[in-house]
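Visitor: I have a structure I would like to understand better, so I am pasting it below and will then ask my questions one at a time.
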Amino acid sequence: MPNKTANISNINCGHCTNTIEQELADLEGIVTVKASKEDKTVTIEWNEPPATWGKITELLVEIGYPVNNQLT
Ligand SMILES: [Cu+2]
């Protein structure tokens, strides 16, 4: 199963991590999402198809949390 951790510098508080986790959980194929306000990262596991890293990063842009740096 594909997984990635990415840096998102717009994460500032628990509301940000909740928004990211809830919005991504609604995307078809997402298995787990864990956002960290301390590290300003999100770690995602998904089934491909239907989800793709492209769809995930597009959604993150739409909700105001673009990926700054893909770590893994
Ligand atoms: Cu916040």
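The values are calculated or read from the model by the stated rules, or taken from the named source; none is laboratory data. Model, not experiment: these values are computed from the prediction. Here Cβ is always computed from backbone atoms with ideal geometry, including for glycine, and neighbour counts include all displayed protein chains. Only protein heavy atoms, including side chains, enter the accessible area calculation; ligands, DNA and RNA are left aside. Shrake-Rupley method; radii C 1.70, N 1.55, O 1.52, S 1.80 Å.
Visitor: Divide, for the chain, the radius of gyration over alpha carbons by 2.2 N^0.38 Å, where N is the residue count.
Guide: Relative to the 2.2 N^0.38 Å estimate, the chain comes out at 0.96.
Visitor: What does the charge count near Gln22 come to, summing +1 for each Lys or Arg and -1 for each Asp or Glu among other residues with Cβ under 14 Å from its Cβ?
Guide: Neighbourhood net charge equals -3.
Visitor: Let me ask something else. Given Asn10, Asn47, Leu27, which one lies farthest toward the positive end of the charge dipole of the chain, if we put +1 on the Cβ of every Lys and Arg and -1 on the Cβ of every Asp and Glu?
Guide: Of the candidates, Asn10 comes out farthest on the positive side.
Visitor: Continuing with this model, one more query. I'd like the carbon and sulfur percentage of the solvent accessible area for the chain, probe radius 1.4 Å, heavy atoms only, ligands and nucleic acids excluded.
Guide: Details: 1900 of 4130 Å².
Of all accessible area on the chain, carbon and sulfur atoms account for 46 percent.
Visitor: Relative contact order for region 3-70: what is it in percent, counting Cα pairs under 8 Å that are at least 6 residues apart? Walk me through the numbers on the way to the answer.
Guide: Numbers: 114 pairs, mean separation 29.3, N = 68.
The value is 43 percent.
Visitor: Find out how many positive minus negative residues lie around Asn47, taking Lys and Arg as positive, Asp and Glu as negative, among other residues whose Cβ is under 15 Å from that of Asn47.
Guide: -2
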